[in-house]
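Only one structure is covered here, and it is reproduced in the block below.
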């Protein structure tokens with residue numbers, strides 16, 4: 001009834017980080033270690049009971065860095081801090097961006113062969129890549145994002161052709177510039193145009209209200225949003241605008257090592273049921289899990305799935321009681 | 001001499017005595033090697049002190065008019081300012097305006113001052129030192145979602161700032177651009193007056209949003225100067241030309257959110273043009289802290305400020 005899934009990233013095992021950072025490790029050994037890591041995180045998600053896992057983005061360094069290192073026109077300018085002591089290697093666009101070849105297809109094929117479950121493949125959206133890069137070439141961000149949309153669209157079509165049937169465009173930057181939402185949605189729609197797969201968009205850590213209702217014009221099947229960090233208050237916003245698409249409901253705080261209780265997860269789902277029917281609710285963490293420890297991430301996923309399963313039983317019982325009640329003259 | 005002639009010669013005299021300079025950003029990016037030590041909870045003090053001395057030497061050799069220790073240990077201006085106070089906790093992770101850069105929202109009911117600043121000032125002994133804190137209106141907005149003056153913060157911060165006895169206090173008030181009222185600005189004036197340590201010049205810094213059409217409102221705030229983000233809104237330059245400036249006008253002409261290096265001649269041209277329109281001191285500066293630039297680029301841009309100032313002079 002409630003499909004459980006993830007947003008994308010999963011903590012990288014320490015042995016993997018050590019192997020990758022060791023100068024003596026050969027390319028073949030690195031590839032083999034990455035393959036093992038993908039198998040491991042898929043099994044961990046299966047162990048937690050997640051219906052639609054991802055490959056944990058094991059092969060990706062960072063959500064924009066991975067793409068800017070594979071799209072022509074970018075050069076890296078050095079590490080930039082995001083919060084605390086977390087950095088990413090930020091690129092600058094110094095020439096017209098070009099598609100250099102598939103970026104995620106091999107990663108998807110390997111993951112596909114490593115699990116029987118349906119898979120979600122996240123891909124960073126054109127608006128976010130543009131917004132999180134330094135611009136040393138284009139007249140403005142719109143021009144850059146528009147070119148990037150063509151590149152992301154081509155990649156998504158390649159993924160769909162390889163068999164990926166659930167693609168999520170990650171656009172966390174969209175919530176930061178409400179004044180640009182109008183063209184940002186156009187750019188997103190260009191990126192997903194004609195892609196034959198279930199399509200989701202993930203937006204997080206911003207003021208959702210400022211994007212509504214224009215953001216609802218995004219031609220996707222599902223919005224995967226962060227709710228726990230914001231105490232589920234944005235569910236009211238969805239109700240206000242008569243939201244009818246599928247909802248990726250964030251019930252796990254990914255920036256807090258404290259593991260939620262099953263009851264807290266259930267309470268979040270209960271609140272969502274006031275807005276949407278169960279079959280439209282996908283139970284997710286708020287965002288990628290990569291900043292948590294591996295143990296905490298696994299524990300949080302287990303609690304998330306248990307909460308979803310218990311809520312299914314509650315909903316079924318309620319519905320049976322309602323059926324019985326309606327049969328009483 | 002006619003009245004018009006006298007006015008012209010006063011203007012020339014004013015231009016002669018007026019100071020034209022350049023300010024460093026109030027904050028610099030934390031170099032990854034320092035971040036790594038902090039992340040591993042190892043003793044970061046020796047490296048921090050070395051980096052601060054490097055920054056101060058760079059700013060002085062570039063000929064800048066003030067010195068900033070870069071606030072390298074601050075995670076961001078919100079949590080950093082709060083670290084000068086007692087009686088608060090960190091809550092959820094919130095984006096700092098429109099950046100891919102976050103802070104933990106502070107929660108508190110009663111704030112108390114601390115004596116931490118005295119120790120921190122030791123690293124930057126220069127008389128022209130520049131220190132920054134978040135303003136009481138922006139703190140209220142960022143911590144509680146309300147654009148009001150947080151007097152609890154203003155009072156506690158005023159006491160914490162007491163060890164500062166000279167230089168420039170840059171009060172960051174980006175939230176003002178969300179739509180201030182004259183009542184709010186009047187109350188903010190009182191709060192900023194109360195926060196100002198004796199002997200220190202207070203500069204209010206606004207950034208990220210276009211707001212130049214309401215420049216006149218900001219002129220009423222009781223501070224010595226205004227630091228304006230002329231990258232996000234070039235209209236500030238026109239507004240200054242039309243309405244005049246404060247005793248200190250800081251023109252944030254350098255883009256602190258892009259690695260593209262400005263041409264010193266272009267910055268110099270804008271600085272000279274700006275300096276001809278106001279009576280007070282005029283400084284060239286970045287439009288915000290260098291927090292989200294790679295550290296080597298931040299150093300390059302610092303040198304560039306100095307080069308532009310030389311050209312303008």
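The values are calculated or read from the model by the stated rules, or taken from the named source; none is laboratory data. Here the structure is a predicted model, which is why all the values come from computation and not from measurement. Cβ: placed from backbone, ideal geometry, glycine included. Neighbour counts: every protein chain shown.
Evaluation of residue A:205 against the conditions (1) within 14 Å of chain B (Cβ to nearest Cβ); (2) closer than 20 Å to residue A:5 by Cα; (3) surrounded by fewer than 23 Cβ atoms within 10 Å (Cβ to Cβ); (4) out of contact with any helix residue (DSSP H, G or I) (no Cβ under 8 Å at 6 or more places or on another chain) shows that the sole unmet condition is (4).
Select, from B:229, B:291, the only residue that is buried (at least 23 other Cβ atoms within 10 Å of the Cβ) and away from chain A (no Cβ under 14 Å). Exactly one residue qualifies, and that residue is B:229.
Listed by position, the helices (runs of 4 or more DSSP H) contained in region B:219-313 that have at least 2 residues being modelled with pLDDT of 95 or more are B:264-275, B:295-312. Number of residues in region B:31-54 that are within 9 Å of chain A (Cβ to nearest Cβ) and touching a residue at least 60 places away in the same chain (Cβ under 8 Å): the value is 2.
Considering region A:193-202, the residues that are surrounded by fewer than 24 Cβ atoms within 10 Å (Cβ to Cβ) and under 16 Å from the mean Cα position of the chain (by Cα) include one that is nearest to the other protein chains (Cβ to nearest Cβ), namely A:199.
Number of residues in region B:126-146 that are more than 14 Å from chain A (Cβ to nearest Cβ) and touching a helix residue (DSSP H, G or I) at 6+ places or on another chain (Cβ under 9 Å) equals 14. Within region B:78-107, if we keep just the residues that are away from chain A (no Cβ under 13 Å) and outside any strand (DSSP E or B), the residue that is farthest from residue B:123 (Cα to Cα) turns out to be B:82.
When we screen A:175, A:182 for residues that are within 11 Å of chain B (Cβ to nearest Cβ) and in contact (Cβ under 8 Å) with a residue 24 or more places away in the chain, the only hit is A:175.
Note on region B:161-183: among residues that are farther than 27 Å from residue B:281 by Cβ and part of a helix (DSSP H, G or I), the one that is farthest from the chain's Cα centre (by Cα) is B:183.
If we scan region B:258-280, do we find a residue that is within 14 Å of residue B:170 (Cα to Cα) and in contact (Cβ under 8 Å) with a residue 60 or more places away in the chain?
First pass over region B:258-280, keeping only residues within 14 Å of residue B:170 (Cα to Cα): none.
No; the residues of region B:258-280 include none that is within 14 Å of residue B:170 (Cα to Cα) and in contact (Cβ under 8 Å) with a residue 60 or more places away in the chain.
Within region A:1-17, the residues that satisfy the criterion of being in a helix (DSSP H, G or I) and either surrounded by 12 or more Cβ atoms within 10 Å (Cβ to Cβ) or touching a strand residue (DSSP E or B) at 6+ places or on another chain (Cβ under 8 Å) (or both) are A:15, A:16, A:17. Would you confirm whether or not region B:189-200 contains a residue that is assigned to a helix (DSSP H, G or I) and within 14 Å of chain A (Cβ to nearest Cβ)? No, region B:189-200 contains no residue that is assigned to a helix (DSSP H, G or I) and within 14 Å of chain A (Cβ to nearest Cβ). The strands (runs of 3 or more DSSP E) found wholly in region A:18-127 and carrying at least 3 residues that are touching a residue at least 40 places away in the same chain (Cβ under 8 Å) and within 14 Å of chain B (Cβ to nearest Cβ) occupy A:86-99. Being touching a residue at least 24 places away in the same chain (Cβ under 8 Å), within 25 Å of residue A:3 (Cβ to Cβ) and in a strand (DSSP E or B) is the requirement here; does residue A:224 meet it? In short, yes. Residue A:210 meets the stated requirement of being within 14 Å of chain B (Cβ to nearest Cβ), surrounded by fewer than 18 Cβ atoms within 10 Å (Cβ to Cβ) and either out of contact with any strand residue (DSSP E or B) (no Cβ under 7 Å at 6 or more places or on another chain) or under 21 Å from residue A:132 (Cα atoms) (or both).
Entry remark, region A:133-165: residues being crowded, with 23+ Cβ neighbours inside 10 Å and in a loop (DSSP other than H, G, I, E, B) number 2 in total.
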